[in-house]
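K.L.:
Dropping the structure in here first, questions after.
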Amino acid sequence: MKRLLTAITLTSALALAACADTTESTESSPTLTTAEAESADNGHGDHPADGGPAPAGIVEAEDPTYPVGTKVILNADHMSGMEGAEATIAGAFDTTTYSVSYTPTDGGEPVTDHKWVVHEELEDPGEAPLAEGSTVVLDADHMSGMDGAEATIDSATEETVYMVDFSADGMEMTNHKWVVESEISPAE
């Protein structure tokens, strides 16, 4: 039983690191950092291996730098094993993409600078782009406790955003949401 609990905890911690930030925690407002995510399970770390389809209403990019099927290298550290991994583009979209901070609805520790959610994953967001500091409700399930959580917009980008398929630390990820264009480089 102890091995099973340890395995579940480690798996959850790796998944939790999927969208965590490396920003330091403050004493007055505890937040999840990548280091904490890799060493602890706070109850919302079950990042799905299959991210599912793109949200309704999102617009496919007409002429993306990296079309669907292109092999690329990821230059993002949203989760353990991601940075430097080879990936295949599964979708390319034109939308506003946000980094958000939120407290999971399942009682987990607050998450800061979660990268990324797209405008179409917000409940009744209004016109894009939303201003930094705007309060929104998430309509995304990248991790448990995320869907329905109230969040604050930390930043926004208008870069092409991609869904990718890749392997990280032995986990096969399909339709991983999201990686923006500046976090991708051509595979050699």
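K.L.:
Within segment 103-117, which residues are buried (at least 23 other Cβ atoms within 10 Å of the Cβ) and farther than 13 Å from Ser155 by Cβ?
P.N.:
Val111
K.L.:
Right, here's the next one. Of all residues being out of contact with any Phe, Trp or Tyr (no Cβ under 9 Å at 6 or more places or on another chain) and assigned to a strand (DSSP E or B) in segment 118-165, which is surrounded by the most Cβ atoms within 10 Å (Cβ to Cβ)? Just the residue, please.
P.N.:
Looking at residues that are out of contact with any Phe, Trp or Tyr (no Cβ under 9 Å at 6 or more places or on another chain) and assigned to a strand (DSSP E or B), I get Asp165.
K.L.:
Need the failing condition index for Lys177 against (1) over 14 Å from Met82 (Cα atoms); (2) within 14 Å of the chain's Cα centre (by Cα), just the number.
P.N.:
Condition not satisfied by Lys177: (1).
K.L.:
Return the residues of segment 166-186 that are at pLDDT 95 or above and not in a strand (DSSP E or B); say none if nothing qualifies.
P.N.:
If the condition is that a residue be at pLDDT 95 or above and not in a strand (DSSP E or B), then Glu181, Ser182, Glu183 are the ones that fit.
K.L.:
I've got another one for you. Yes or no: segment 122-138 includes at least one residue that is within 13 Å of the chain's Cα centre (by Cα) and among the β-branched types (Val, Ile, Thr).
P.N.:
no
K.L.:
Among the residues of segment 45-83, which ones are of a type in the set (A, V, I, L, M) and assigned to a loop (DSSP other than H, G, I, E, B)?
P.N.:
Within segment 45-83, the subset of a type in the set (A, V, I, L, M) is 49, 54, 56, 58-59, 61, 68, 72-74, 76, 79, 82.
Those that are of a type in the set (A, V, I, L, M) and assigned to a loop (DSSP other than H, G, I, E, B): Ala49, Ala54, Ala56, Ile58, Ala61, Val68, Ala76, Met79, Met82.
K.L.:
Look through segment 77-100, keep the residues that are in contact with a Lys or Arg (Cβ under 9 Å, 6 or more places away or on another chain) and among the polar types (S, T, N, Q), and return whichever of them is surrounded by the fewest Cβ atoms within 10 Å (Cβ to Cβ).
P.N.:
Taking the candidates together, the pick is Thr88.
K.L.:
Can I ask one more? Among the residues of segment 51-86, what is the count of those that are among the acidic types (Asp, Glu) and touching an Asp or Glu at 6+ places or on another chain (Cβ under 6 Å)?
P.N.:
2
Yes/no per residue for (1) modelled with pLDDT under 95; (2) within 15 Å of Ala168 (Cα to Cα); (3) not acidic (Asp, Glu):
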site: Asp63; (1), (2), (3): no, no, no
site: Met79; (1), (2), (3): yes, yes, yes
site: Ala85; (1), (2), (3): no, yes, yes
site: Ala90; (1), (2), (3): no, no, yes
site: Val100; (1), (2), (3): no, no, yes
site: Val117; (1), (2), (3): no, no, yes
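K.L.:
Starting from segment 124-135, take each residue that is over 21 Å from Ala56 (Cα atoms) and list its partners that are surrounded by 10 or more Cβ atoms within 10 Å (Cβ to Cβ) and of a type in the set (A, V, I, L, M, F, W, C), counting only C-beta distances under 6 angstrom and pairs at least six apart or across chains.
P.N.:
Glu132/Ile153; Ser134/Ile153
K.L.:
Let me ask something else. For segment 91-104, state whether one or more residues are closer than 21 Å to Asp63 by Cα and part of a helix (DSSP H, G or I).
P.N.:
Among the residues of segment 91-104, not one is closer than 21 Å to Asp63 by Cα and part of a helix (DSSP H, G or I), which makes the answer no.
K.L.:
Exactly one condition in (1) touching a helix residue (DSSP H, G or I) at 6+ places or on another chain (Cβ under 9 Å); (2) more than 19 Å from Asp113 (Cα to Cα); (3) surrounded by fewer than 18 Cβ atoms within 10 Å (Cβ to Cβ); (4) not hydroxyl-bearing (Ser, Thr, Tyr) is false for Ala168; which is it?
P.N.:
(3)
The values are calculated or read from the model by the stated rules, or taken from the named source; none is laboratory data. The shown structure was predicted, so the numbers you read here are calculated from the model rather than taken from an experiment. Virtual Cβ from ideal backbone geometry, glycine too; neighbours counted across all protein chains shown.
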